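The values are calculated or read from the model by the stated rules, or taken from the named source; none is laboratory data. Note that this is a predicted model, so its numbers are computed, not measured. Reconstructed Cβ throughout: ideal geometry from the backbone, glycine too, with neighbour counts over all protein chains shown. When the accessible area is computed, the model is the full protein with side chains, heavy atoms only, and any ligands, DNA or RNA have been set aside. Shrake-Rupley method; radii C 1.70, N 1.55, O 1.52, S 1.80 Å.
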Amino acid sequence: MPYYSFDLVIGKEYRNQGGLILENLDVAADRADHLAVELSVVRPELKGGGCAVRVIGAENTEVFRTPLDPIPSWMRCQNLSVGSGSQ
């Protein structure tokens, strides 16, 4: 099973949040999403600032990134339907 590292991204700065041996990238992405939610609750000042959690894979390359303040899926769908009706 591969090892994944997780970083908190603040601007151009990367802060290591630890690592885990996980089954695959899907599980690592899910963990990153949960970490982003936890960080946004614990450190609300990071929301809205473009901060993210990134996942580093075995080759020391970024394989996934999730923002601390994602746009809810219901908002994305609503915005798409509003934009398409105006033409």
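When the residues of region 1-30 are filtered to those that are touching a residue at least 24 places away in the same chain (Cβ under 8 Å) and part of a helix (DSSP H, G or I), the one that is surrounded by the most Cβ atoms within 10 Å (Cβ to Cβ) is 28.
Across region 45-69, which residue is least open to solvent (accessible area, probe 1.4 Å) among those that are over 16 Å from residue 11 (Cα atoms) and over 13 Å from the mean Cα position of the chain (by Cα)? Residue satisfying both the conditions and the ranking: 57.
Taken over region 36-70, the criterion of being outside any loop (DSSP other than H, G, I, E, B), in contact with a strand residue (DSSP E or B) (Cβ under 6 Å, 6 or more places away or on another chain) and hydrophobic (A, V, I, L, M, F, W, C) is satisfied by 36, 52, 53, 55, 56, 63, 64. The combined condition, being modelled with pLDDT under 95, assigned to a loop (DSSP other than H, G, I, E, B) and either under 10 Å from the mean Cα position of the chain (by Cα) or basic (Lys, Arg) (or both), is not fulfilled by residue 33.
Can you confirm whether residue 48 is under 12 Å from residue 67 (Cα atoms), free of Cβ contacts under 8 Å to residues at least 24 places away in the same chain and not hydrophobic (A, V, I, L, M, F, W, C)? Judged against the criteria, residue 48 is a match.
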